[in-house]
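One structure is given here, and the rest of the page talks about it.
The values are calculated or read from the model by the stated rules, or taken from the named source; none is laboratory data. Just so it is clear, the model here is predicted, and its values are computed rather than measured. Every residue, glycine among them, receives a Cβ derived from its backbone with ideal geometry; neighbour counts consider all protein chains shown.
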Amino acid sequence: MRGVRSSAAGVPLLLAVVLAAPAGADDGQVPPAGVVPEVLCTPSDPALAELSGLAVLGGRVFATPDAGPDERIVELDSECAVVQRFPDPVDPYDVEDMAAGSDGRLWLADLGDNSRNRQTVALVSLDPESGAGDLYRLRYPDGPQDAETLLVSADGEPVVVTKSLFGPSGIYRPAGARTVTELESPGPTDLERVGTLALGPTETPGGPVPGASSSMITGGAVSEDGTVAAVRTYTDVYLFHAPDRDIVAALLSGPDLRIAVPGEPQGEAVAFTADGDLLTASEVNSDTGEQPPVRIVRGVTDLFVADSPEDAGDEESSTAVLPVVGAVVAAVVVLALAAVVTIRRRGR
């Protein structure tokens, strides 16, 4: 404090240093204490041994496996028991994720391509009332990619994030920013690459790939109001604030918060409830054969002061919860102003 008061010359330098400081190696600040995963329920149906995607639509919870003897979409009750099964409307190749659309449909992400030899991937729509649906093929602009993450914005724009073992993952959307209702069936619709996303590494235990599990992107979800997006790795969930519902812009801006989900042997599923809670799930532990529980992180969207879409461009509207670096910057600005006032008073 004494240094700040004695010289105004040091204030710009100190402010510049703080503004230039990195946000941290974890690419997202840890949320407040108490915001931790709790066990919600544990699936017991063999069809969910390779549980890969979760979605909540109309208060109903849906899950999809990505392989196994029964690859149908299932509806779960509050105890994780299967209450209904939906055959895929088309024969998929490798469904890896699932999203709830504002059009009242589930969108299955047939994006898996471990060998990277598919000329097209696909989205499949599913009406949870009738079981009917359609196929929408997609084509990457830069060759085959492996992906396990689909996010559908509140405005209906589908966003695909690839899964990379080394280096950043690619972010893709339909060319022309088309929504799911504007895709051609069966297509293909060309995708455009709009940027990259790199997450981790972290020290959160879990995942099947030592040293890389905390960086490999395995699933995504968007809150019901469209203002918060979640992208997960095998070990952590990253939250992105999108007050204007622009999911691509939020991803390109980087994560705001990170929630560790330790101990999931192959965590790939994530979804938001209508109340703004976050659900996570994992495939079976291959070493023990035990099915991990579905976990819930309560009040996740409450961590953000969400702007309404009408006020998104208003400079006075509220923003996301400030990360630690942002808080420090604010404090330094206050101290700088106080120092200037003190110096001027002493000069008088």
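Would you check if ARG173 is crowded, with 18+ Cβ neighbours inside 10 Å, under 11 Å from the mean Cα position of the chain (by Cα) and either of a type in the set (S, T, N, Q) or outside any loop (DSSP other than H, G, I, E, B) (or both)?
Details: crowded, with 18+ Cβ neighbours inside 10 Å: yes; under 11 Å from the mean Cα position of the chain (by Cα): no; either of a type in the set (S, T, N, Q) or outside any loop (DSSP other than H, G, I, E, B) (or both): yes.
Judged against the criteria, ARG173 is not a match.
Quick test for you: out of ALA260, ALA221, ALA212, pick the one residue that is within 17 Å of ARG173 (Cα to Cα) and small (Gly, Ala, Ser). ALA221 is the lone residue from the list that is within 17 Å of ARG173 (Cα to Cα) and small (Gly, Ala, Ser).
ARG105 passes every criterion in (1) crowded, with 20+ Cβ neighbours inside 10 Å; (2) among the charged types (D, E, K, R); (3) closer than 25 Å to ASP236 by Cβ; (4) touching a Ser or Thr at 6+ places or on another chain (Cβ under 8 Å) apart from (3). Would it be correct to say that GLY263 is at pLDDT below 95, within 25 Å of GLY34 (Cβ to Cβ) and surrounded by fewer than 19 Cβ atoms within 10 Å (Cβ to Cβ)? Considered against the rule, which asks whether it is at pLDDT below 95, within 25 Å of GLY34 (Cβ to Cβ) and surrounded by fewer than 19 Cβ atoms within 10 Å (Cβ to Cβ), GLY263 comes out as yes.
Counting the residues of region 212-264 that are closer than 19 Å to ASP302 by Cα and of a type in the set (Ser, Thr, Tyr) gives 3.
Could you tell me how many of the residues in region 244-260 are farther than 30 Å from THR42 by Cα, touching a residue at least 24 places away in the same chain (Cβ under 8 Å) and crowded, with 23+ Cβ neighbours inside 10 Å? Even if it seems obvious, please write down each step before you answer.
Of the residues in region 244-260, the ones farther than 30 Å from THR42 by Cα are 244-254.
If we keep only those that are touching a residue at least 24 places away in the same chain (Cβ under 8 Å) too, we end up with 244-248, 251-252, 254.
Okay, now just the ones that are also crowded, with 23+ Cβ neighbours inside 10 Å, so 247, 251.
Number satisfying all stated conditions: 2.
Looking across region 279-308, the residues that are of a type in the set (A, V, I, L, M) and either touching a residue at least 60 places away in the same chain (Cβ under 8 Å) or outside the structural domain of LEU76 (by TED's automatic domain parsing) (or both) come down to LEU279, ALA281, VAL284, VAL294, ILE296, VAL297, VAL300, LEU303, ALA306. Counting only residues that are outside any strand (DSSP E or B) and free of Cβ contacts under 8 Å to residues at least 40 places away in the same chain, which one in region 178-200 is surrounded by the fewest Cβ atoms within 10 Å (Cβ to Cβ)? Selected residue: GLU182.
Would you pick out the residues in region 121-166 that are among the acidic types (Asp, Glu), touching a residue at least 24 places away in the same chain (Cβ under 8 Å) and surrounded by fewer than 23 Cβ atoms within 10 Å (Cβ to Cβ)? Walk me through it before giving the result.
Restricting attention to region 121-166, the residues satisfying the condition of being among the acidic types (Asp, Glu) are 127, 129, 134, 142, 146, 148, 155, 157.
Subset that is touching a residue at least 24 places away in the same chain (Cβ under 8 Å): 134, 142, 146, 148, 155, 157.
Within region 121-166, ASP134, ASP142, ASP146, ASP155, GLU157 qualify.
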